[in-house]
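Please read the structure below before turning to the comments.
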Amino acid sequence: MTADTGRWIRNFVDGRFIEPDENHSFDNIDPATGLVHASVHEADATLVDRAMTAARRALGPWSATPVRERTAVLRRAADLVEERFEEFVSAESADTGKPVSLARELDVARAIANFRTFADVVAAAGQESFLTDLPGGHHALNYAVRKPLGVVAVIVPWNLPLLLLTWKVAPALACGNAVVVKPSEETPGTATLLAEVLADAGLPAGLYNVVHGFGGGSAGEHLTTHPGIDGVTFTGSSATGAHVMRTVAPRVRPVSFELGGKNAAIVFDDADLEETLTGLTRSVFANTGQVCLCTERVYVQRSVFADIADGLVERAHTLRLGSPLDEATTTGPLISQKHREKVRGYFELAERSGAKILTGGGVPDMGAELAGGSWIEPTLWTGLTNKDRVVREEIFGPVAALIPFDTEEEAIALANDTDYGLAASVWTRDLRRGHRVAQAMNVGMAWVNTWFLRDLRSPFGGVGLSGIGREGGESSLHFYTEPTNVCVHL
Ligand code: NAD
Ligand code: 6OD
């Protein structure tokens, strides 16, 4: 089974790739060069409907398939991604512009881990049961039977395309669901390659369908307005999440939303300087700041403010922007020119708000070959406060504002002063304080002396504008299944 016809990235419906239509296509741009590297077939409403029909048909037999057989397919898929590792790395890097080293270490490695972990989690899952005491020495047995949610719409963004897709598809399939996935229009490649892998792993036709396109008026809207969806799992911006929620509200479907963030780091004066600077550098600049968990607000205790600011600037200068194919490159471009314009808008706003630019603030000269790419300089500011829009709104680029604080209470108040609530990190050698402050963070995930260290069995998600619900481990089991409680009078 192969997806690659050279120029075309095709839709995958009911176990086969669909012949592309020249009149319904869009360009796939390499963010590092600005050059078109493929054409993508845009799915229309009819094709989305075919995908939904195929998924519905495949659902019954799959949900009745023993769990060990379903999870065996996931394990084979993990093995096949491993066999085709470099192909996935190239496809992910070409779509996103991220360095191949990062795609290897993060995206493709995590796709494999997602399949294996959720195979383990679902294979080991039990069910809730309660022995209920009744008057007169009688009892009742309550037990909950978990059934698949059904046909699940999976909508993902462009920043970690394969990681986020497999994070949803693996548990959904293991739990006995069928999926129709809509990758981001910017990054259609690896979702399409995954169709080959899942078919080769023995996944029956109709259980994994890929429809390409945009949001409104395109595949995203066709999918979310389809009457056949039983649930939606969505990762993307808060604004789109809210829109999708309104779309599915009349049909009262379950949603899982992993949305934007404006994440804080709190650095206390007793923190290990080297460890903190290494962690902060990753958390601000990883994937060119395009990770929902990235830190854009760094609160630093006043006595170490200068050390942290100087150290971060020094480390920002060691980042190596360059061709994603160069093994020495640490930092790729932003995803698109459109996104770069948004980030540059915040650069201007920061200056108008009186920010002092410690480093960056512009567009780098990348030489003729990369001149058409959406490159941006890693940027650090001081002189801003929580009142400034730059400190309140998600920018989603390699940027952070450094803000001083004096007391623990002040740091907690500053970090929690946001409409978002995805992630935070706390840097201190005082572990009691680390636990205390991490627990006080109004977020879904808080780290102490580290960042983006993930155990896939732990709950992941956000509060406020950062989302609804949790996925990961048992939380995924809960989202991708519906319990029927059976009460037996013994
Ligand atoms: P986006 O919201 O623009 O798009 C996300 C997906 O939704 C894309 O596939 C897009 O085509 C689709 N979409 C857009 N409009 C739609 C509509 N009307 N109906 C159905 N689908 C629609 O987000 P993006 O720019 O691709 O990604 C960046 C955002 O994602 C950032 O805000 C980032 O914080 C967030 N994000 C969050 C997490 C998390 O786990 N919380 C992870 C990654 C990214
Ligand atoms: O690590 C994960 O499971 C996850 N969902 C990461 C999301 C990162 C956002 O860009």
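The values are calculated or read from the model by the stated rules, or taken from the named source; none is laboratory data. Because the structure is a prediction, the values reported are computed rather than measured. Cβ sites come from the backbone with ideal geometry, for glycine too, and all protein chains shown count toward neighbours. Surface accessibility is based on the protein's heavy atoms, side chains included, excluding ligands, DNA and RNA. Shrake-Rupley method; radii C 1.70, N 1.55, O 1.52, S 1.80 Å.
Of the GluC sites (Glu not before Pro) found in the range 79-157, those in coil by DSSP whose Cβ has at most 15 other Cβ atoms within 10 Å are 128.
Take every Cα pair under 8 Å whose residues are at least 6 apart in sequence, average their separation, divide by the length of the chain, and the relative contact order is 19 percent.
Lysine pairs in the chain whose alpha-carbon atoms fall under 25 angstrom of each other, counting only those eight or more residues apart or on distinct chains, come to 18.
Spin-label model, residue 435/residue 302: points 7 Å from Cα along the beta carbon direction are separated by 3.0 nm. Measuring nothing but how far apart in sequence close Cα pairs (under 8 Å, 6+ apart) lie, relative to its length, the range 263-454 scores a relative contact order of 29 percent.
Assuming a ≥ b ≥ c are the square roots of the Cα gyration tensor eigenvalues, decide whether the range 263-454 counts as rounded (a/c under 1.5), prolate (otherwise, with a/b larger than b/c) or oblate. Here the range 263-454 falls in the prolate category. If R0 is 60 Å, the Cβ-Cβ spacing of residue 320 and residue 485 corresponds to a FRET efficiency of close to 0.60. Between residue 274 and residue 457, residue separation times 0.36 nm minus the direct Cα-Cα distance comes to 62.9 nm. With the charge dipole of the chain set up from +1 on Lys and Arg Cβ and -1 on Asp and Glu Cβ about the Cα centre, the Cα lying farthest toward the positive end among the listed residues 192, 103, 313 is that of 192. In this label model, residue 46 and residue 7 are separated by 2.3 nm, measuring between points 7 Å along each Cα→Cβ vector.
Rounded to the nearest 10 square angstrom, residue 435 shows an accessible area of 110 square angstrom against a 1.4 Å probe. Heavy-atom surface analysis with a 1.4 Å probe gives the range 263-454 a carbon and sulfur content of 49 percent of its accessible area.
Note on the range 298-441: with charges restricted to the Cβ of Lys and Arg (+1) and Asp and Glu (-1), its dipole about the Cα centre is near 220 debye.
A full extension of the chain between residue 131 and residue 368 corresponds to an added length of 78.1 nm, given 0.36 nm per residue minus the alpha carbon distance. Atom-type composition of the exposed protein surface of the range 62-113 places 54 percent of the accessible area on carbon and sulfur (1.4 angstrom probe).
Annotation: extensible slack from residue 389 through residue 57 equals 114.6 nm (criterion: 0.36 nm per residue apart, minus Cα-Cα distance).
Using Cβ point charges alone (K and R +1, D and E -1), the dipole size of the chain about the Cα centre works out to roughly 1260 debye.
At a probe radius of 1.4 angstrom, the accessible area of the range 263-454 per residue rounds to 41 square angstrom.
Placing a label point 7 Å from the Cα of residue 105 along the Cα-to-Cβ direction, the residues of the range 249-278 whose backbone N falls under 20 Å of that point are 273-278. Taken as entire DSSP H runs, the helices of the chain that both span 18 Å or more between Cα atoms along their own long axis and average 0.0 or more on the Kyte-Doolittle scale are 45-63, 109-124, 161-174, 305-318. Scanning the chain for trypsin sites (Lys or Arg not before Pro) that sit in a DSSP loop and have at most 11 other Cβ atoms within 10 Å, the longest stretch containing none of them is 1-319.
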